[in-house]
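To start, the structure itself, in structure tokens.
Just so it is clear, none of the values below were taken in a lab; they were calculated from the coordinates. Model, not experiment: these values are computed from the prediction. Virtual Cβ from ideal backbone geometry, glycine too; neighbours counted across all protein chains shown.
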Amino acid sequence: MTKQLIRQKSIWIKVGLIAIGATMPLWLNVESSGLATLLEQLREDPSGHTLMLVAFALVMLNTIRALPHYLGALLLGDELGTRLNKSWLKVVVPLTVIPLVYLIINGYHSLSYHFGGPALLLLISISILHMLDKGRLRPVFKSVVIGQVLLGIQWLDMVLFLSAFGFGGGPISTEVKQMAEQLDFGFTLSFYSLVFCAVFIINALVLAVYLTVSEQKWRIRQDLHRARHQVAESRSGREALHLVHDLKTPLSLMEGLNSLIQLKTSDPEILRYTNKIASSIQSTSDMVSEILYHEKKNWCTMKTFIEYVRANKLSESATIYQFELEADEEIEIHINKIRMTRALVNLIDNASDAVEGKEQATVTIRSKVSDGKVAIGVEDNGEGISEENKEKIWNAGFSTKSHPGVGLTFVQNVVKEHDAHLSIHSEPGQGTTFWIQLPKERVRYEDSDHR
């Protein structure tokens, strides 16, 4: 699992942001930002106007330098928590990475970087955002909200009476506040700093609520769209059943006419053709019965069943579909081929979803024989299913994707109809395998009295 994470480009982008934040003081410092010039002007000609310019420049500099590693830590924790199915990582990673970045900066930089009140408030804000969010807000939206919070909280460094609580403990912030006291400008600086802080914090809260509600509305619209699509498919399905039922009349007519031809001729070649026609009519009739009646089952070879699955599912896709079939292809299973195929296709769809976006995304269809039973399995190399979700996946409506979960409920129903057994083996980071064990099997023996 660790190797898979290391290969993920998105992980390295987040690590890169953290690295940029840790090295930011090397190329964006007081001199290169123009803050040093403003400070010199303030020292030579102290005034309230210049003081506010220095305060604004200092807040912007601190925000820009802090933004990369705060965002990197936030997004890295979010992705690791999602990929490893461990939500606590979304909070623990930022709480660990951000103080570590301050230690690194203070280790190589001569100017001490103060890890005080603003940094603690930001860590608390990140933790609260994750706890209240509950996966409803996209990482990019979280980044926008945290950016607003960061800018707002940085203004607290300029509030004089907050110095005793760890705000504005850096050398430049301390000098600016001392200069404000000398100019009798302390109240004004504190007042405007609190106003700016309130504006950005309130804006962040409003933005967070708006984005969360918008995201929920978007997901509801998507669910409604899929529900409408399913209703339309259901209606189409009922119409298809009527059409399939109507097929029985022409099939019966063809079967009668074919039997009449066989009675009227003794030509060996014509009889050979009519036998093939009779066999095709019987196969079509069996399929019609399987579609119309759930309980209708026929003996079907593994070869025929797997070929039918291939024809119904395996099309052009980025996913690699593999077949590792240990069971003899001539083994016969007693199934409703139509419904069992739909069940297996549902499992393949779930496996394809599990490996979506993954390098070397692979879904493997397996078969084996054990204790007189035929087992058919679908395996993926995705992230696996957490223990928490293993029980929930069987509930109708549950899904880890943004659509109603009905696939596994259908699979379970089909398995019960066949007196079969459905099992799952999954570990986080190791992928998932679903097995359908069918209770009956027989081997086709050519020229056998048993047939």
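Coupling constants for the range 60-69 follow from the phi torsions by the Karplus curve (6.51 cos²θ - 1.76 cosθ + 1.60, θ = phi - 60°), and in residue order they are 5, 4, 4, 5, 4, 6, 7, 4, x, 6 Hz; glycine and proline get x. Couplings 3J(HN,Hα) of the range 271-277, computed from phi: 5, 5, 5, 5, 5, 5, 4 Hz, in residue order, whole Hz [Karplus 6.51 cos²θ - 1.76 cosθ + 1.60, θ = phi - 60°; x for Gly and Pro]. Distances between placed amide hydrogens fall under 5 Å for Ala420 paired with no residue 5 or more residues away or on another chain. With the convex hull of its Cα atoms as the shape, the range 22-99 has an orientation-averaged projected area of 6.1 nm². Each label was represented as a point 7 Å from its Cα along the Cα-to-Cβ direction; for Asp353 and Leu100 these points are 3.4 nm apart.
The phi torsions of the range 34-42, fed into the Karplus equation with coefficients 6.51, -1.76 and 1.60 and a -60° offset, translate into couplings of x, 5, 4, 5, 5, 5, 5, 4, 5 Hz, rounded to whole numbers, with Gly and Pro shown as x. Cross-linked pairs Lys9/Lys86; Lys297/Lys358; Lys86/Lys217: Cα-Cα separations exceed 29 Å for Lys297/Lys358. For Ser279 and Ser386, a Förster radius of 51 Å and the Cβ-Cβ distance give a FRET efficiency of 0.55, rounded to the nearest 0.05.
A crude spin-label estimate for the pair Thr82 and Phe410, with each label 7 Å from Cα along the Cβ direction, gives 2.7 nm.
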